[in-house]
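Working notes, beginning with the structure itself.
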Amino acid sequence: MPDNASVSHVESVRDAALAELAAADTAEQIEAWRIAWLGRRGRLTQVLRGVGGLSPDERRSVGSAANRVKSLLEQARAERQDAVARAKSDADDFTDAIDVTLPGWPTPVGGLHPTTQMIREICDAFGSMGFDVVEGPEVEWDLYNFEMLNIPKGHAARDMWATLWVDQPDEDDDYPMLMRTQTSPMQIRTMQERKPPIRVIVPGKCYRYEATDATHEWHFYQVEGLAVDRGITFADLKGTLYEFARRIFGEERQVRFRCDYFPFVEPGVDMSISNFKDPQTGKRPINRDEDWIEILGAGMVHPKVLEGVGLDPQIYTGFAFGMGPERISMLKYGIEDIRLFYSNDLRFLNQF
Ligand code: DAH
């Protein structure tokens, strides 16, 4: 009887094949194993071929043992193949996760709007000088936006603020509503709520019934300031606004005050920052053919305004100011068109 013709031989073929399969770690090794054991000249195939030459008894026992081993090995091969494939894909995933040499994925994060950034910068500057930040309504009474700011009905100064009315003003309607044209009404609200010493800064949105162009928007922000106490003088106003300009525009810039008119202050001024040509380069800090650029209006709170909120102007004085943060950004960053701020063009917004 040839050596390969016994059931025990079939079993030893099976054990050897399984041991070798367990050591096959790649798809290629498994394929080589299949050819070596189950292929046309494979070792098990040869055993099966030899069965034909056996006696009928042996043929039955060895034949059926060899067939069982064949299906066992086929199944073992399929399982091994799965296991190797799974291990490989896990390994691939793992490698992906920790490939520290790959450049990182950029994570898109939003940024603060340039107006928000400028408002924060302004509030920080005044905050460190002891001003509180307060906010007020955008839909406002005529009473606060005009009347109590010493701009009675029919006053020519109302023309300074083209107004979007919520109520159509008429004879009987004493205090119609409007979209505030300025943050100055918060001077009144603040003085009604707080007792001096008052030092507040009020950022907020304002509206004007105006056609838009490169320097005008129908909605924009203002930052109002108000300080009221005993003995506040124009020197306090100047000192505070100097310090503010120094923080926003830097040490080298000069500041100029000129007389200006606003009904709720007396005297009223506007403040400009210097924009002189550099003698060496001939360039100006801001590319505009002007030596001085106006950045805000200000003044000493008008005695009538103080009286209106029940403060005695013989005892209390104060200063107020109002500025446009977009205009200040435009000057600081050389932005030529105010409409860029609210047209939501990411090519513009992403630069900040
Ligand atoms: N509210 C004024 C405007 O919109 C700006 C302003 C001027 C505010 C003088 C003030 C001030 O507080 O004192 O044109």
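The values are calculated or read from the model by the stated rules, or taken from the named source; none is laboratory data. Because the structure is a prediction, the values reported are computed rather than measured. Positions of Cβ are backbone-derived with ideal geometry, glycine not excepted, and every protein chain shown enters the neighbour counts. For the accessible areas, the whole protein counts, side chains as well, though only heavy atoms, and no ligand, DNA or RNA atoms are used. Shrake-Rupley method; radii C 1.70, N 1.55, O 1.52, S 1.80 Å.
Does the stretch 107-176 classify as rounded, prolate or oblate by the C-alpha gyration tensor (a ≥ b ≥ c root eigenvalues; a/c under 1.5 gives rounded; else a/b over b/c gives prolate, otherwise oblate)?
Here the stretch 107-176 falls in the prolate category.
Within the accessible area of the chain, what % is carbon and sulfur when the probe is 1.4 Å and the other protein chains stay in place?
C and S fraction of accessible area: 50 percent.
For the stretch 15-22, in order, what is each residue's ³J(HN,Hα) by Karplus, 6.51 cos²θ - 1.76 cosθ + 1.60 with θ = phi - 60°, in whole Hz (x at glycine and Pro)?
Per-residue couplings from phi come out as 4, 5, 5, 5, 4, 5, 5, 4 Hz.
Taking the chain as the reference, fit the longest principal axis to its C-alpha atoms, fit the long axis of helix 56-97 to the helix C-alpha atoms, and give the angle between the two in degrees, 0 to 90, nearest 10.
Orientation of helix 56-97: about 20 degrees from the principal axis.
Reachable lysines from residue 153, Cα under 23 Å, same-chain residues fewer than 8 places away excluded?
Result set, ordered by chain and number: 304.
Any chance you could look up the accessible area of residue 276 with a 1.4 Å probe, heavy atoms only, rounded to 10 Å²?
Rounded to the nearest 10, the figure is 80 Å².
Using mean Cβ contacts within 10 Å as the protection proxy, how do 264-270, 154-160, 45-51 order, highest first?
Going by the mean number of other Cβ atoms within 10 Å, highest first, we get 264-270, 45-51, 154-160.
Take the alpha carbon gyration tensor of the stretch 136-295, find the square roots of its eigenvalues, order them as a ≥ b ≥ c, and report rounded if a/c is under 1.5; if not, report prolate when a/b exceeds b/c, else oblate.
Here the stretch 136-295 falls in the oblate category.
Distance in nm between label sites at residue 167 and residue 260, each 7 Å beyond Cα in the beta-carbon direction?
Calculated label separation equals 3.1 nm.
When the chain is fully extended, how far beyond the present Cα-Cα distance does residue 82 get from residue 26, taking 0.36 nm per residue of separation?
Once the chain is fully extended between residue 82 and residue 26, it gains 19.1 nm.
Work out the FRET efficiency for residue 74 and residue 347 from their Cβ-Cβ distance, taking R0 = 51 Å, and round it to the nearest 0.05.
0.20
Give the relative contact order (percent, whole number) for the stretch 102-236; include only Cα pairs under 8 Å separated by 6+ residues.
24
Given the Cα-Cα distance of residue 234 and residue 160 and 0.36 nm per residue of separation, how much length would full extension add, in nm?
Full-extension gain reported as 24.2 nm.
What relative contact order, as a whole-number percentage, does the chain give when Cα pairs under 8 Å and 6 or more residues apart are counted?
The normalised contact order for the chain reaches 14 percent.
In whole Å, what are the extents of the chain along the principal axes defined by its C-alpha atoms, from largest to smallest?
Sorted from largest, the Cα extents of the chain read 132, 61, 39 Å.
How high is the FRET efficiency from residue 143 to residue 242, r the C-beta distance, R0 35 Å, rounded to 0.05?
0.55
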